[in-house]
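Beneath this line is the structure, given in structure tokens, with notes to follow.
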Amino acid sequence: MNASAIPAIDATDTTDAATGRRPHAADCAGALFAEHALLPGGWARDVLLRWDGAGTLLSVQPHALPGTAPRAPGPLVPGMPNLHSHAFQRAFAGLTEYRAEARDSFWSWRDLMYRFAGRITPGTLQAIATWLYVEMLEAGYTSVCEFHYVHHDADGRPYADDAELSLALLRAARQAGIGITLLPVLYQSSGFGGQPPRADQARFIRSTASMLALLQRLLPEVRAQGAALGLAPHSLRAVPADSLREAVEGLAALDARAPIHIHIAEQTQEVDDCLAWSGQRPVQWLLEHAPVDARWCLVHATHMTPAEYAGAARSGAVAGICPTTEANLGDGIFDMPRWLSHGGAWGVGSDSHACVNAAEELLMLEYSQRLSLRQRNVLAGPDPQVGTALWSAAVRGGAQASGRPVGGLAAGQQADFLALDPAHLALAGLPVQAMLSAHVFGSHRSSALHSLWVGGTQRVAAGRHALRDDAAQAFVAARSALITS
Ligand code: NGQ
Ligand code: ZN
């Protein structure tokens, strides 16, 4: 990096002390000084962060003097990328927690979810997503991958602007100030081997050509807001083999590095159906028939054989784990020690948004391992503090899956971070090394997250997003409208 590219911080600095942001961010940088910050190599002292007008970190300097930079209100931690979200599903969290069949399952949940998806409008989607993204920011997520599949109107007809609902999500992300990777979903069949879609899937369906046209249409919009664009073949049950190949090739022609996310092996039923169709299990089939590499995120790779764990990890793909949704839906438990033994990358997503809290996803992930292995501190890594090890690994994998530079506090990455509140009762008096574990595992009524920045702009102060009240009100109105429609 060219040192002369770093704007000097001087006594005439007009940086806003509350936000670390100067008035004309486009042509000047912001800065922040933290006594403690979690860098990719671990905790460091007296760290000076400086970023440019685009919100990219220019330098992250430990053992620095604060100069005139504003001081962070507490220890700084990188923001968490949320690698899997279906925004509209936030509006019915809690509404599917009753027994509807003698034995409820993922599939009976899906029937209820589809009824809800059928009622979404552009206005309600934007209101739900804006509130959801405000919640995410208040809960430690600084970016989100939207796995977006409700494309058409309630009758399954394309909107006048085919990108209508995608654009609603981009607007919501802009309003809330969260980074976004938009992943339009390809959905064509109701089961393996190209079975025709069900009537309640009509809003999701598009041809491969229309998907590639949508990606073309969205690319300038996405780039204009510093977002990323990828593709999500929904699952092997929803995308026939030829379509998968054509879509992945078409995407690569548009952007050779664009992310590709797929739901892969969430339910044993889909493993059985895949075996009946092809003689292979879903992950096995995918590794043999698709160019799986570091662009790919395998969401819910829950049911794999040891050979599949090894092959998928070695492909370089990220395992997209959604611990609270997978628990909510009764999916099964991902074998993290096995995945890590092969050097596999992983990150977390809040998926159906039964829970919207980065710390709680990590808690659920570690606890699922403890319960199945009857051990403690299963996922400690280079850092013996489990909270720190989980947080750092999930940031790295989440960034890879996002296709955006959101991988932590290092030059060249986005200035996406949060400050913990050292005066919060969960943390007060603890050594800084224990604070992330206390944030993840010590249960509290309120969050110890104090402030949060995305691309150098402060979005949460004293635990609150500026839009909280307005966005919450619009969300409740949208949900009420959906329930009664
Ligand atoms: C989804 N959700 O796309 O929202 C899915 C359900 C399906 C999860 N897989 C639909 N958790 O898989 O067919
Ligand atoms: Zn999903």
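The values are calculated or read from the model by the stated rules, or taken from the named source; none is laboratory data. A quick note: this is a predicted structure, and the numbers were derived from the prediction, not measured. Note: ideal-geometry Cβ built from the backbone for every residue, glycine included; neighbour counts use all protein chains shown.
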Picking from 160, 173, 154, the residue that is under 25 Å from residue 362 (Cβ atoms) and either of a type outside the set (Phe, Trp, Tyr) or part of a loop (DSSP other than H, G, I, E, B) (or both) would be 173
In region 106-129, which residue that is surrounded by 20 or more Cβ atoms within 10 Å (Cβ to Cβ) and not aliphatic (A, V, I, L, M) is farthest from ligand 1 (Cβ to nearest atom)?
-> 126
Is one or more of the residues making up region 402-411 more than 14 Å from the chain's Cα centre (by Cα), within 16 Å of ligand 2 (Cβ to nearest atom) and surrounded by fewer than 24 Cβ atoms within 10 Å (Cβ to Cβ)?
-> no
Scan region 292-316 residue by residue and report those that are farther than 17 Å from residue 271 by Cβ and within 16 Å of ligand 2 (Cβ to nearest atom).
-> 296, 297
Any idea which residue in region 180-216 is surrounded by the fewest Cβ atoms within 10 Å (Cβ to Cβ), counting only those that are in a strand (DSSP E or B) and touching a Gly at 6+ places or on another chain (Cβ under 7 Å)?
-> 181
Single residue of 405, 431, 422 found to be in contact (Cβ under 8 Å) with a residue 40 or more places away in the chain and over 25 Å from residue 344 (Cβ atoms) = 422
How many residues of region 341-351 are touching a residue at least 40 places away in the same chain (Cβ under 8 Å) and more than 11 Å from ligand 2 (Cβ to nearest atom)? The answer is 4
Within region 91-105, can you find the residues that are more than 30 Å from residue 470 (Cβ to Cβ) and within 15 Å of ligand 1 (Cβ to nearest atom)?
-> 104, 105
Please determine, by comparing only the residues of region 328-352 that are in contact with a Phe, Trp or Tyr (Cβ under 9 Å, 6 or more places away or on another chain) and within 13 Å of ligand 1 (Cβ to nearest atom), which one is farthest from residue 103 (Cα to Cα).
-> 349
Qualifying position, being over 19 Å from the mean Cα position of the chain (by Cα) and at positive phi, among 330, 316 = 330
Within region 157-206, of all residues that are of a type in the set (S, T, N, Q) and within 16 Å of ligand 2 (Cβ to nearest atom), the one nearest to residue 458 (Cα to Cα) is 181
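Rundown of residues vs (1) closer than 20 Å to residue 449 by Cα; (2) modelled with pLDDT of 95 or more; (3) away from ligand 2 (no atom under 16 Å from the Cβ), yes/no style:
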| position | (1), (2), (3) |
| --- | --- |
| 353 | yes, yes, no |
| 357 | yes, yes, yes |
| 360 | yes, yes, yes |
| 363 | yes, yes, yes |
| 371 | no, yes, yes |
| 389 | yes, yes, yes |
Considering only residues that are assigned to a helix (DSSP H, G or I) and of a type in the set (D, E, K, R), look in region 356-399 and name the one that is farthest from the chain's Cα centre (by Cα).
-> 370
Within region 35-51, track down each residue that is buried (at least 18 other Cβ atoms within 10 Å of the Cβ) and touching a residue at least 40 places away in the same chain (Cβ under 8 Å).
-> 36, 37, 38, 43, 47, 49, 50, 51
Pairing a residue in region 313-325 that is closer than 17 Å to residue 147 by Cα with any residue that is of a type in the set (Ser, Thr, Tyr) and more than 13 Å from ligand 2 (Cβ to nearest atom), where Cβ atoms lie under 6 Å and the two sit 6 or more apart in sequence or on different chains, gives none
Within the group 236, 229, which residue is buried (at least 20 other Cβ atoms within 10 Å of the Cβ), within 16 Å of ligand 2 (Cβ to nearest atom) and at pLDDT 95 or above?
-> 236
List, please: which pairs have Cβ atoms under 6 Å, are six or more places apart or on different chains, and start with a residue in region 467-484 that is outside any helix (DSSP H, G or I) and end with one that is surrounded by 13 or more Cβ atoms within 10 Å (Cβ to Cβ) and modelled with pLDDT of 95 or more?
-> 467/134
Filter result for the condition that a residue is within 24 Å of residue 244 (Cβ to Cβ) and within 13 Å of ligand 1 (Cβ to nearest atom), over 316, 311, 320, 279 = 320
Neighbours by Cβ (under 6 Å, 6+ apart or cross-chain): first from region 118-144, more than 14 Å from residue 89 (Cα to Cα); second charged (D, E, K, R) and not in a helix (DSSP H, G or I) | 137/459; 142/416
Got at least one residue in region 211-225 being over 23 Å from residue 114 (Cα atoms) and within 16 Å of ligand 1 (Cβ to nearest atom)?
-> no
Limited to region 428-466, what total is found for residues that are over 19 Å from residue 70 (Cβ atoms), at pLDDT 95 or above and of a type in the set (D, E, K, R)?
-> 0
When residue 274 is evaluated against the numbered criteria (1) within 15 Å of ligand 1 (Cβ to nearest atom); (2) in contact with a strand residue (DSSP E or B) (Cβ under 9 Å, 6 or more places away or on another chain), which criterion, by number, is the only one it fails?
-> (2)
How many residues are assigned to a strand (DSSP E or B), among the charged types (D, E, K, R) and out of contact with any Phe, Trp or Tyr (no Cβ under 9 Å at 6 or more places or on another chain) when one looks only at region 34-56?
-> 3
Search region 102-152 for residues being among the basic types (Lys, Arg) and in contact with a helix residue (DSSP H, G or I) (Cβ under 8 Å, 6 or more places away or on another chain), and hand back the single one that is nearest to ligand 2 (Cβ to nearest atom).
-> 115
